[in-house]
Each structure stands twice: as C-alpha cells, then as structure tokens.
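Trainee: What follows is a single structure, and I will ask about it in a moment.
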Amino acid sequence: MSAGYHLKRRGFTSALDDPDGERTFVVLDAAPAAGGAWQERWESLRMATVNGIFDLPRFPKPPLDPGEPSRTAVPRYFAAFEREAGLPILRPVRVSAVRSQPDGSLSVESDQGSWVTRAIINASGTWTNPVRPHYPGLETFAGLQLHTQDYVSAERLAGLRVAVVGGGISAVQLLEEISRVATTFWYTRREPVFRDGEFEPEVAGREIIAKVVADVEAGRPARSVVSYTGLIWTPYALAAKERGALVRRAMFVSVEPGGVREADGSFTAVDAIVWATGFRAALGHLEPLGLRGENGGIRMTGTQVAGEPRVHLVGFGPSQSTVGANRAGREAVNALVKFLDGTG
C-alpha cells in the first residue's frame, strides 16, 4: 500500500485503466479483501496487545478501540486507505513465479494470467510460509496439532494438556491465553531472553535495525524479530508469569502418540501441540530469479536486491514492521524511478 501510494505520487498511472501506458503499475494481492494477513489473526488478539500499527502515508488512523480484535480493526483501516488512495488492486491473484526474460523484462505468472513488467516491488510478507519443525515421531502423534497460522481461540484446547512450542512474542501471547483454560508446557530451543528495564522504541529500534541491515547486506538470512529484540515484559507476559505458565523447558527430542519425550529422557503426556514457531519470508515465487547467495540469504542494498535493480523487497529484513514497510515503500519507489530514468 505504501509503495502504491508513492508510485501514484510520482506520476505512475493504473495499468488497469491504461494498459499501454509508459509508466503504469498494478497491485496483485492473493488475499480476497484488504488487510492481508491481519484478516487471519486469532480471534482474541486485540488492538491493546498488538505491537503497533503505524499510520499509512498521509492517512492517520482513526481512534481504535483497544478491545476490538485486530483481525477486524486493521483490515478496516487498510481498506479505507485503499479507497482513499485509489490503488489499482487485483484480488485474489496468487503469483506462482517471476522469471527474467531475454529482453530484460520480468514475467509475472499467476493463477489469473501473466504480466510483463520492467520491475517489481515484492511485499508478500510471511504469513503464507509458516515454519513447521519436524521431530522424530511427529507423524505418530495422536493428538491435535496447530500452528499459529491455524490457531483461532483457546476454547478448542480447554481442559487439555498442551505443549506450546516457540520463544517469540506470539508464543508468549498464546501461552498466556491457553494457560487460562488448559495445562500448558512451554518449550523453546534456546533460553528466552527478556529485556530488563523500560523498552525505549526509538533507541532500541535503531540498534535492532542496524543489526538486521548488517545481516541482509552481508547476504545472511534475516533472523526472527525476537532474536534481535528480546522479549519484553508486556502485561500478558507478566500475567503468564504470575500464573506460573512462563516456565521454560528445553526442547523435547521426539514425539510419541501420547506426548513428547523430554531432553532428559522422561515422558510428558500431552493432548495437543501448538507450534508458535514463526514464519519465514514468502519468497518462493522469486526462486526462478536466483536471488539467494552462498550464505543462504538475499543480499540487500536498502530495499533493492543487490545487483538486481529490477527487484525490491518491502517488508523484508529491516522493513518487517509497519513503520519500516511504510518508509521502505517510499525508498523502493524513489530507487525505481532512478532506475527507469537511467540515473540510478
């Protein structure tokens, strides 16, 4: 949305209205409606516990009810922005591959046809690429398994013995919620690190972005957000701690039909496993371009893939947050205008 807004400001017109125009653009969205992955968030995630939704370009958020589910509040705001900005959006369109053509253009293949373009801004996020770890015996588990992507509410787990796996923000949120109605066991690969003292977003944000930038500029895979930030003592984290749910166990080594085998060899019976194990950037459709380097990551210069001025990634690396993505949308458009003008 940010990139689309800035493309319009720089004089690009709708490819839907002017298919033969010199500088046109179109937004291809796999979701059926505005809001992207926010439409899929679990029911109990309220605006009060969302980490922060920053204003879209020149479109301040209206007052938001802290008690409203984020899955309705955020998409409503995004839809209003789309209408105000008049963005040329086609949905649902699922892109399957982007390929380089001999004439220097890019072909974009989808379930709704193909496009030919001089450049792309990729903002496909992570929601469609969940990390689902595999442990020996996992396929034999007789209980319920859910990933954050599948989770709706704790009601389905009421009265059960539940293993919650993951050391990130979502894992702590789900652990706190599920522990109200079920017996929970918290598993992480590494000891969780909670930040001491007050969290100062400006100071911490600059430090974190510097670390992410160092990784992507070196072509290293960007890590999870929490691996850079650490966990914060939010109200829900404190509530889980007070309830005795925030007791970390070392990651289990295998799964059996009725539970998990602990690192020390003992057995813990569980009825369900909740995999709050995060997501990776959904970039499978870009694989034909061969963007990954020898370190397994995509080397970046700002929003541009290093050495590939036709491809910009927004919402990737240092622009994963909404504030980062807003700035990155403007940065990507500015760089693409220079590329198209032959000055960048």
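Bear in mind these aren't lab numbers, they're just calculated from the coordinates by the rules spelled out. Note that the structure is a prediction, hence the values are computed from the model and not measured. Ideal geometry is used to build each Cβ from the backbone, glycine not excepted, and the neighbour counts take in all protein chains shown.
Trainee: State to the nearest 20 debye the size of the charge dipole of the chain about its Cα centre, where the only charges are +1 on K and R beta carbons and -1 on D and E beta carbons.
Mentor: Numbers: 38 positive and 38 negative charges, 63 e Å.
Magnitude of the dipole: close to 300 debye.
Trainee: Still on this model: Distance between Cα centroids, region 284-327 to region 227-277: provide it in whole Å.
Mentor: When both Cα centres are located, 33 Å separates them.
Trainee: Now a separate question. For an R0 of 25 angstrom, estimate the FRET efficiency from the Cβ-Cβ distance between Ala142 and Arg249 and round to the nearest 0.05. It would help to have the intermediate numbers written out before the result.
Mentor: Working: r = 21 Å, r/R0 = 0.84.
So, using R0 = 25 Å, E works out to roughly 0.75.
Trainee: Follow-up. Among the lysines, which have Cα under 22 Å from the Cα of Lys8 when same-chain residues fewer than 8 positions away are ignored?
Mentor: Cross-link targets: Lys61, Lys338.
Trainee: Here's a follow-up. Under 19 Å from a point 7 Å along the Cα-to-Cβ line of Ser153: which residues of region 58-92 have their amide N that close?
Mentor: The answer is 66-74.
Trainee: OK, next. Can you compute the modelled spin-label distance between Ala210 and Arg9, with each label point 7 Å from Cα toward Cβ, in nm?
Mentor: 2.8
Trainee: Using volume of the Cα convex hull per residue in Å³ as the read-out, say which of [x] 121; [y] 156; [z] 190 was calculated from these coordinates.
Mentor: [y]
Trainee: Taking the Cα centroid of region 1-16 and of region 72-108, what is the distance between the two, rounded to the nearest whole Å?
Mentor: Spelled out, the Cα-based centre of one part sits 11 Å from the other.
Trainee: Take the Cβ-Cβ distance between Lys241 and Ser96 as r, set R0 to 45 Å, and report the resulting FRET efficiency rounded to the nearest 0.05.
Mentor: With R0 = 45 Å, the Cβ-Cβ based efficiency is 0.50.
Trainee: Determine, from the Cβ-Cβ distance of Trp233 and Arg76 and an R0 of 30 Å, the FRET efficiency 1/(1 + (r/R0)^6), rounded to the nearest 0.05. Intermediate values should be presented prior to the final figure.
Mentor: Working: r = 30 Å, r/R0 = 1.02.
Working from the Cβ atoms, E equals 0.50.
Trainee: Per-residue ellipticity at 222 nm for the chain, helices alone: DSSP H runs ≥ 4 residues times -39500 (n - 2.57), over residue total, nearest 500 deg cm²/dmol?
Mentor: -7500 deg cm²/dmol
Trainee: Any idea how far apart Lys338 and Asn129 come out in nm if each label point goes 7 Å out from Cα toward Cβ?
Mentor: Going by the 7 Å Cα→Cβ label model, 2.6 nm.
Trainee: For a quick protection proxy, order the peptides 262-269, 90-97 by their average other-Cβ count within 10 Å, most packed first.
Mentor: The packing order, highest mean first, is 90-97, 262-269.
Trainee: Mind pulling the angle between the C-alpha long axis of helix 70-85 and the longest principal axis of the chain? Nearest 10 degrees, somewhere in 0 to 90.
Mentor: Rounded to the nearest ten degrees, it is 10.
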